[in-house]
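**Q** Sending over a structure as C-alpha cells; questions will come in a sec.
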Amino acid sequence: MSKVVTFNRTGGPEVLEIVDVPVPTPAAGEVQIRVKAIGVNRAEIMYRTGQYVIEPEFPARLGYEAAGVVEAVGENVDGFTRGDAVSVIPSFMFSEYGMYGERVNVPVHAVVKHPENLSFEQAAASWMMYVTAYGALVEYGNLQAGQNVIIRAASSSVGLAAIQIANMLGANPVALTRTSEKREMLIKAGAAAVIATAEHDMVTEINRLTNDQGAHIVFDPVGGPDVAKLMQVMAPQGLFFQYGALDSRDMQVPVFELLGKHLTLRGYELFEITTDPEKMARAKSFVTDGLRCGKLKPVIDKTFRFDEIADAHRYMEANGQVGKIVVTVE
C-alpha cells in the first residue's frame, strides 16, 4: 500500500485527500520509485480547479515531478536498477500517472538519474523548469552569447531557470517583474537587469538597457495586452515564445512590427520537448551537464511535508514564491 494524493471534485486545496491505495508491480516499460520529494507546479493547480488542458476523471491523481529511489523495474527496462537515485521529467498526462504519492510507477522515458551533487529536494525541483526554459531558449531559440532575452514573470521557477540558462550561454537576461519588491533577489539570481513593469515604462527601459538593439528572444508565460509592447522592443528576426496564459485576455499583435521585423510569435509548451525522444535526449544532456557543474542550481522557495500538500497548493496560489515549492515525503 502507498499513501497518495487524490481528489473527487474540482475546487480549492480542500478537495485534496491523502488515501491508501495498492501500488501494482511496474508494468513493461515502467519504473517504480519510492518518492523522497515532489515538485509542485502551476499545472497541478489548474488541473485541481478544472482549468487544465484535460478534464480530471475521478478519483483523480496529480503530480508531474518527483525524485526518489528505484524500488523495482518492469520488463523491457534497461539502465535502471533497484537503489538508483532518480528523478522524473514531466512527459505524461495526469490521467496516466501521478507523482503525488509515497510509491509511484513511472514510464521509463520520464526517468533520469540525476547528478550526485543534488539533494532529492533539488532534483524534484529541477526538471520541469529547466527543460521548459531549455526548449524555448536553446532547442528552438538557439540563444547565443551576447544576445538579449526578456524573461517575463522572472521570479517564477521557470523564470529563474531561464535566467540561469541565459547566463550559462553568455546571453543577457532582462528580468520583468510587476514591482521592485523582488529586484534585489533577481539581480542576485543572475539577471543582467530588472524592470518593474508597474513602476516604469517597459518599452523605454528595454530600449535603454539593450542600447536600442532590442530583444532576440522574449520568453513569456503571461500574455495579455502587454505582448504588443514587448513586440515593439524585439530585434529583427526575433522570437517570441508564449508558454502560458496567466493573463487570459486576448493578445494584441502589432502587425507592422511583426511584418517589418520578420518576427516569429509562437505558442510553446514543455511537452514539445519531453514527448520527442531526440529532443528529450538533448534536454537531459544539457540540463544534467548544467546541474553537475553548478551553473544550473535550482532555487527552492519553501518546503512542505506530504501531509501539508493542501497548504503547499495554497502557498502557490498566493503567488508570492520565488523559485520552486517542494513537498518532502520521507
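The values are calculated or read from the model by the stated rules, or taken from the named source; none is laboratory data. Since the model is a prediction, treat every value here as computed from it, not as a measurement. Every residue, glycine among them, receives a Cβ derived from its backbone with ideal geometry; neighbour counts consider all protein chains shown. Note: accessible area is taken over every heavy atom of the protein model, side chains too, but ligands, DNA and RNA are not part of it. Shrake-Rupley method; radii C 1.70, N 1.55, O 1.52, S 1.80 Å.
**Q** Using a Gaussian network for the chain with springs between C-alpha atoms less than 10 Å apart, which of these wobbles most: G98, G39, G12?
**A** Highest fluctuation among the options: G12.
**Q** Treating only the Cβ of Lys, Arg, Asp and Glu as charged (+1, +1, -1, -1), what charge dipole size does the chain show about its Cα centre? Round to the nearest 20 debye.
**A** 660 debye
**Q** Within the chain, what whole-number % of the accessible surface is contributed by carbon and sulfur, with the 1.4 Å probe and all protein chains included in the calculation?
**A** Answer for the chain is 48 percent, counting heavy atoms of protein chains only.
**Q** Determine, from the Cβ-Cβ distance of D307 and R82 and an R0 of 25 Å, the FRET efficiency 1/(1 + (r/R0)^6), rounded to the nearest 0.05.
**A** 0.40
**Q** Which net charge results for the neighbourhood of K36, defined as the other residues with beta-carbon distances under 13 angstrom from its beta-carbon, given Lys and Arg at +1 and Asp and Glu at -1?
**A** -3
**Q** Quickly work out the E96-to-E75 label distance, labels modelled 7 Å from Cα along the C-beta direction, and quote it in nm with one decimal.
**A** 2.0 nm
**Q** Same structure again: What is the ratio of the Cα radius of gyration of segment 46-192 to 2.2 N^0.38 Å, with N the residue count, to two decimals?
**A** For segment 46-192, the normalised Cα radius of gyration is 1.21.
**Q** Projecting each Cα onto the charge dipole of the chain (Lys/Arg +1, Asp/Glu -1 at the beta carbon, about the Cα centre), which of P56, V70, G214 comes out farthest on the positive side?
**A** It is G214, whose Cα lies furthest towards the positive end.
**Q** Which whole-number value in Å² is the accessible area per residue of the chain, probe 1.4 Å?
**A** Heavy-atom SASA per residue in the chain reads 43 Å².
**Q** Skipping prolines and chain starts, which residues have an amide H placed within reach, meaning under 5 Å, of the one on L265, given they are 5 or more residues away or on another chain?
**A** Here F240 satisfy the definition.
**Q** Additional query: Only helices at least 15 Å long along their axis, Cα-based, and averaging -1.0 or more on Kyte-Doolittle count here, so list those DSSP H runs from the chain.
**A** 157-169, 277-293
**Q** Based on the Cα coordinates of segment 240-307, what is the per residue volume of their convex hull in Å³?
**A** With only Cα atoms used, segment 240-307 gives 201 Å³ per residue.
**Q** Would you calculate, for the chain, the mean residue ellipticity at 222 nm contributed by helices, counting each DSSP H stretch of 4 or more residues as -39,500 (n - 2.57) and dividing by all residues, to the nearest 500?
**A** -7500 deg cm²/dmol
**Q** State, to one decimal in nm, how far the label point of E184 lies from the label point of L246, with both points 7 Å from Cα in the Cβ direction.
**A** Distance between label points: 2.2 nm.
**Q** Find the relative contact order for segment 121-216 and round it to a whole percent, using C-alpha pairs within less than 8 Å whose residues are 6+ positions apart.
**A** Computed over segment 121-216, the figure is 24 percent.
**Q** How long is the gain from V21 to H109 if the chain were fully straight, where each residue apart is worth 0.36 nm and the alpha carbon distance is subtracted? Display every interim value, and only then the final one.
**A** On the way: separation 88, 0.36 × 88 = 31.68 nm, distance 2.44 nm.
Extra length from V21 to H109 when fully extended: 29.2 nm.
**Q** Dipole of segment 194-330, Cα-centred, from +1 at each Lys and Arg C-beta and -1 at each Asp and Glu C-beta, to the nearest 20 debye?
**A** 480 debye
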